[in-house]
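What follows is one structure encoded as structure tokens, with my remarks underneath.
A short reminder: the numbers here are calculations on the coordinates, not readings from a lab. Being a predicted model, the structure only gives us computed values, none of them experimental. So basically every Cβ, Gly included, is an ideal-geometry build from the backbone, and we count neighbours across all protein chains shown.
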Amino acid sequence: MRIKIYSDGHRINLRLPTSWLLNRFTARIAAKAINGDREEPYISEESMYALLQGMKRIRRDFRGLTLVEVDSADGDQVRITL
């Protein structure tokens, strides 16, 4: 995943390994955030992990896909791509 930030004539490029974002630890955190304190959870940790593994397959098929593209009025830009 690549994050590009353009601001005031400066450019910042970050490259994050997808494995840092799509793992069991992240799935556990996401499931807890979605479920909150509910007695019956909306999604289990196993289901969330399966969803994240599906995202890895999508990443291979759609390399370079722009996920987020934000342009502010003062010229700042943020791009997040796979």
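Brief remarks on what is shown
- The lone exception for GLU40 - which of (1) under 14 Å from the mean Cα position of the chain (by Cα); (2) surrounded by fewer than 12 Cβ atoms within 10 Å (Cβ to Cβ); (3) not in a helix (DSSP H, G or I) it fails: (1)
- Test: residue in the range 16-28 that is free of Cβ contacts under 8 Å to residues at least 40 places away in the same chain, surrounded by fewer than 13 Cβ atoms within 10 Å (Cβ to Cβ), more than 18 Å from the chain's Cα centre (by Cα) and part of a loop (DSSP other than H, G, I, E, B): no
- Search result, residues across the range 1-24 that are in contact with a strand residue (DSSP E or B) (Cβ under 8 Å, 6 or more places away or on another chain) and not polar (S, T, N, Q): MET1, ARG2, ILE3, LYS4, ILE5, TYR6, ARG11, ILE12, LEU14, ARG15, LEU16
- Checking the stated criteria, ILE12 turns out not to satisfy the condition of being among the aliphatic types (A, V, I, L, M), surrounded by 12 or more Cβ atoms within 10 Å (Cβ to Cβ) and either assigned to a strand (DSSP E or B) or in contact with a Cys (Cβ under 8 Å, 6 or more places away or on another chain) (or both).
- Test: residue in the range 52-75 that is in contact with an Asp or Glu (Cβ under 9 Å, 6 or more places away or on another chain), in a loop (DSSP other than H, G, I, E, B), surrounded by fewer than 14 Cβ atoms within 10 Å (Cβ to Cβ) and among the small types (Gly, Ala, Ser): yes
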